[in-house]
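Have a look at the structure below before the remarks.
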Amino acid sequence: MSQTQFTPRVFSGIQPSGGLTLGNYLGAIKRFVDMQDAGGFETIYCMVDLHAITVWQEPEALRRNTRELAAGFIASGIDPAKSILINQSQVPEHAQLGWIFNCVARMGWMSRMTQFKDKAGKNAEKASLGLFGYPALMAADILVYHATHVPVGEDQKQHLELTRDIAAKFNHDYGVDFFPLTEPVIEGAATRVMSLRDGSKKMSKSDPSDASRINMTDDADAIAKKIRKAKTDPDALPSEAAGLEDRPEARNLVNIFAALSDLSVDDVLAEMGGQQFGSFKPMLAELAVEKLSPISAEMARLMDDPAEIDRILARGAAQAREITAPILKKTYEIVGMVGSD
Ligand code: TRP
């Protein structure tokens, strides 16, 4: 069978299930902006509201969080003139293809998903059916665009493998070469931001300690205070990256510095090696405030005009559907659904 050529297309999504952190910014959104600006790809970025409701969300909070995430994307440099920016529920083909994929994915595959086991915990009987089926909808998010590349965190690698399994099984079962085998673009350790209180845990909006994270809406004082209080060790900074190996908290702060300044860790250490945290932390705080305050100011401005955000998302949905509607239609044809054209 001849190999179909697919348009280079990037898709990624973030759940609008609560405040944005520095971890979301450096680990995801900033990389999304880089891929948008690099050219060579069409870029589509999504607030996955349908995924968010696999666990309970207060409706008003969900609406606010979706708009705030959109504001965060735009304030960070996602340009609706260059990328398609959408909320998932406004592009119905995601859920429609999700159903088809529920019928392609096997129970056995789904029950091996570690994220479901982590999220459902001992109470799997009480988890929603949607939480179990979550990765099939994620595969649909990606494949309804024939996306070729998906930037995600390490924790999503298994879901990307499942996406490829679903595409391969669909292509095989129906004897077509219709869905691409999407490549994951996994974030490196350099962009994985860890908790400020425990360098072995990812920075997370759900950590009970607010001091463990920098929120994109924190003001300059809060940012400086959290960095000053961040856990470290008593040693000075090494002069090369290898010296950070068994020092997770030190490594995290250096990684953050490097990512915010677009330098490599080695470049940062070549300059800062030998310094104590007493002098490094104020420099990090200053850099963080310098980079984040324009973003949080722009987010606040956008949040004052939710109608403008809604207009941007409506336009994004219309653009998205130009891609997704024909792909869904063709999928229905392949599967054998009767429809008028
Ligand atoms: N599961 C992803 C997460 O929790 C979010 C997501 C949903 C996603 N659909 C996607 C990411 C499609 C990439 C592509 O982070």
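If you take the residues of the stretch 276-307 that are surrounded by 15 or more Cβ atoms within 10 Å (Cβ to Cβ) and over 23 Å from Ile29 (Cα atoms), which of them is nearest to the chain's Cα centre (by Cα)? Steps first, answer last, please.
As a first pass, look at the stretch 276-307 and keep what is surrounded by 15 or more Cβ atoms within 10 Å (Cβ to Cβ): 277, 280-281, 284-285, 287-289, 291-292, 295-296, 298-299, 302-303, 306.
Next cut, over 23 Å from Ile29 (Cα atoms) only: 277, 280-281.
Working: Phe277: 31, Phe280: 29, Lys281: 27 Å.
Looking at residues that are surrounded by 15 or more Cβ atoms within 10 Å (Cβ to Cβ) and over 23 Å from Ile29 (Cα atoms), I get Lys281.
When you look at Lys117, is it of a type outside the set (Gly, Ala, Ser), under 30 Å from Glu298 (Cα atoms) and surrounded by fewer than 20 Cβ atoms within 10 Å (Cβ to Cβ), yes or no?
Details: of a type outside the set (Gly, Ala, Ser): yes; under 30 Å from Glu298 (Cα atoms): no; surrounded by fewer than 20 Cβ atoms within 10 Å (Cβ to Cβ): yes.
For Lys117, the condition - of a type outside the set (Gly, Ala, Ser), under 30 Å from Glu298 (Cα atoms) and surrounded by fewer than 20 Cβ atoms within 10 Å (Cβ to Cβ) - is not met.
Quick one: is Val193 crowded, with 19+ Cβ neighbours inside 10 Å and in contact with a strand residue (DSSP E or B) (Cβ under 8 Å, 6 or more places away or on another chain)?
For Val193, the condition - crowded, with 19+ Cβ neighbours inside 10 Å and in contact with a strand residue (DSSP E or B) (Cβ under 8 Å, 6 or more places away or on another chain) - is met.
Under 7 Å between Cβ atoms, at least 6 apart or on separate chains: pull out the pairs that start in the stretch 232-243 with a residue that is of a type in the set (A, V, I, L, M) and end on any residue that is part of a loop (DSSP other than H, G, I, E, B).
Ala236/Gly274; Ala236/Gln275; Ala236/Gln276; Leu237/Gly273; Leu237/Gly274; Leu237/Gln275
Return the pair list, or none, for Cβ contacts closer than 9 Å from residues in the stretch 13-42 that are among the basic types (Lys, Arg) to residues that are within 12 Å of the ligand (Cβ to nearest atom) and not in a helix (DSSP H, G or I), at least 6 apart or on different chains.
Hits for this filter: Arg31/Ser12; Arg31/Pro151; Arg31/Val185; Arg31/Glu187.
Considering every residue within the stretch 260-272, establish whether at least one is farther than 30 Å from Phe11 by Cβ and among the small types (Gly, Ala, Ser).
So in the stretch 260-272, the residues farther than 30 Å from Phe11 by Cβ come out as 266-272.
Filter once more, so that each one left must be among the small types (Gly, Ala, Ser): 270.
Yes, because at least one residue in the stretch 260-272 is farther than 30 Å from Phe11 by Cβ and among the small types (Gly, Ala, Ser).
I'd like the full set of residues that are closer than 25 Å to Leu69 by Cα and in contact with a Ser or Thr (Cβ under 9 Å, 6 or more places away or on another chain), limited to the stretch 212-250. Spell out the reasoning first.
Initially, the stretch 212-250 is screened for residues closer than 25 Å to Leu69 by Cα, giving 212-227.
Listed by number, the residues that qualify are Ser212, Arg213, Ile214, Asn215, Met216, Thr217, Asp218, Asp219, Ala220, Ile223, Lys226.
Here's a check for you: in the stretch 308-331, which residue that is free of Cβ contacts under 8 Å to residues at least 24 places away in the same chain and within 29 Å of Gly98 (Cα to Cα) is surrounded by the fewest Cβ atoms within 10 Å (Cβ to Cβ)?
Checked the stretch 308-331; the qualifying residue surrounded by the fewest Cβ atoms within 10 Å (Cβ to Cβ) is Glu322.
I need the full set of residues from the stretch 136-150 which are buried (at least 21 other Cβ atoms within 10 Å of the Cβ) and either within 9 Å of the ligand (Cβ to nearest atom) or in a loop (DSSP other than H, G, I, E, B) (or both), in order please.
Those that are buried (at least 21 other Cβ atoms within 10 Å of the Cβ) and either within 9 Å of the ligand (Cβ to nearest atom) or in a loop (DSSP other than H, G, I, E, B) (or both): Leu137, Met138, Ala139, Ala140, Asp141, Ile142, Val144, Tyr145, Ala147, Val150.
Any chance the stretch 173-188 includes a residue that's buried (at least 17 other Cβ atoms within 10 Å of the Cβ) and assigned to a helix (DSSP H, G or I)?
no
Return the residue satisfying two criteria in turn: it lies in the stretch 92-134 and is in a loop (DSSP other than H, G, I, E, B) and more than 12 Å from the ligand (Cβ to nearest atom), and of such residues it is nearest to Ala52 (Cα to Cα).
Top of the filtered list is Ser128.
Please go through (1) in a helix (DSSP H, G or I); (2) within 24 Å of Arg192 (Cα to Cα); (3) touching a helix residue (DSSP H, G or I) at 6+ places or on another chain (Cβ under 8 Å) for Glu161 and return the number of the only condition it doesn't satisfy.
Here Glu161 meets the rest and fails (3).
When the residues of the stretch 151-172 are narrowed to those that are surrounded by 16 or more Cβ atoms within 10 Å (Cβ to Cβ) and hydrophobic (A, V, I, L, M, F, W, C), which ends up farthest from Phe101 (Cα to Cα)?
Val152
Residues being under 19 Å from Leu20 (Cα atoms), small (Gly, Ala, Ser), without any contact (Cβ under 8 Å) to a residue 40 or more places away in the chain and out of contact with any helix residue (DSSP H, G or I) (no Cβ under 8 Å at 6 or more places or on another chain): count how many of those fall in the stretch 164-211.
The total comes to 1.
Throughout, read-outs are computed from the coordinates displayed, never taken from laboratory work. Just so it is clear, the structure is predicted and the values come from calculations on it, not from any experiment. Because the Cβ atoms are built from the backbone with ideal geometry, glycine has one as well, and the counts that use them run over all protein chains shown.
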